[in-house]
1. I need the phi-derived Karplus couplings for the range 20-25: 6.51 cos²θ - 1.76 cosθ + 1.60, θ = phi - 60°, integer Hz, Gly and Pro marked x.
2. Taking the alpha-carbon centroid of each part, what is the distance from the range 40-118 to the range 159-208 in angstrom?
3. Only counting other Cβ atoms within 10 Å, I'd like VAL92, VAL115, VAL45 sorted with the fewest neighbours first.
4. Place a +1 charge on the Cβ of each Lys and Arg in the range 61-266 and a -1 charge on the Cβ of each Asp and Glu, then give the dipole magnitude about the Cα centre in debye, rounded to the nearest 20.
5. Could you compute how fast the range 61-266 diffuses translationally, taking Rh as the Kirkwood radius over C-alpha pairs and applying Stokes-Einstein at 25 °C with viscosity 0.890 mPa s? Give it in µm² per second.
6. Rounded to the nearest 20 debye, what is the charge dipole size of the range 1-66 about its Cα centre when +1 sits on each Lys and Arg Cβ and -1 on each Asp and Glu Cβ?
7. Suppose each label sits 7 Å from its Cα in the direction of the beta carbon; what would the LEU24-VAL83 distance come out to in nanometres?
8. Hey, rough spin-label estimate for ASP170 and ALA103, points 7 angstrom out along Cα→Cβ, what's it come to in nanometres?
Amino acid sequence: MNSRADPVAHVVLVLGAILFVAPLWLVFVGATQDSAAIARGDLSVLLGNEGFDVYARVLAGPVPRMLLVSLGMALAIAIGKIVISMLSAFAVVFFRFPGRHVAFWLIFITLMLPVEVRIIPTYSVMSDLGLINTFTGLWLPLIASATATLLFRQIFVAIPDELVEAARMDGAGPLRFLWDIVIPVSGANIAALFVILFIYGWNQYLWPLLVATNPKLDTIVIGIVKMIAVETQTDWSAVMATAMLALLPPVVVVVVMQRWFVSGLTEGEK
């Protein structure tokens, strides 16, 4: 049975890989082709005659700045979410105070509210704080995460009570217990969550579009949308080259942290 299933599984895997890679290949080869031909629908699956000079032309413009803005925002969102969610879950699991379960469920209930529902009051708060058209305004409202808090709570609950008691008997305070025990035990999960949150922050579109009208704060996602002109002819080769450059940071993060990412998603209770 396994001998018959393995070839089928490999065929399905290859077909799935082709479905994922084919659009990326079209974008890659499209960057080497004539923009007018692409606009006419004459996009070839082979490399064009324009070469890779378009990348030098794109990098000479605002694209590097947009990549840096997106990188800074994605890192701030990922790190901020992890720190705040870890501290919140740590307080709920290891501290005994009135209303801690109520506090946790209030955090959990926010999962039912999509970003679109909260975006107007969030914008109002950022405006009152004077953070419109600032880099801080790009990431600060996005660093709270009910999902990450729930995940960390599930991780911390699995820590044996004996380990907690041993740390208390050794005189370890809350911060030392967090730094020496909880964080090392949760390392793989933190890495997996960092990858997911980094990609989440990198792909943000709606919030940066509203909070930052200054072109110097454009993220790479917004920059690509702005490059697709409405009234003038779009430079499709430049758009596709920029899209390929926008893929690089998330791919690098996934590749570098692949081992920890897979471990964090697959490991059982500690």
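Taken together, the values in this text are just the output of simple stated rules run on the coordinates, not laboratory data. A quick note: this is a predicted structure, and the numbers were derived from the prediction, not measured. Cβ placement follows ideal geometry from the backbone for every residue including glycine, while neighbour counts extend to all protein chains displayed.
1. 7, 7, 4, x, 5, 5
2. 19
3. Result, fewest neighbours first: VAL45, VAL115, VAL92.
4. It works out to roughly 100 debye.
5. Roughly 129 µm²/s, to the nearest whole number.
6. Roughly 180 debye for the range 1-66.
7. Each label point lies 7 Å from its Cα, and together they span 3.2 nm.
8. Once both label points are built, they end up 2.6 nm from each other.
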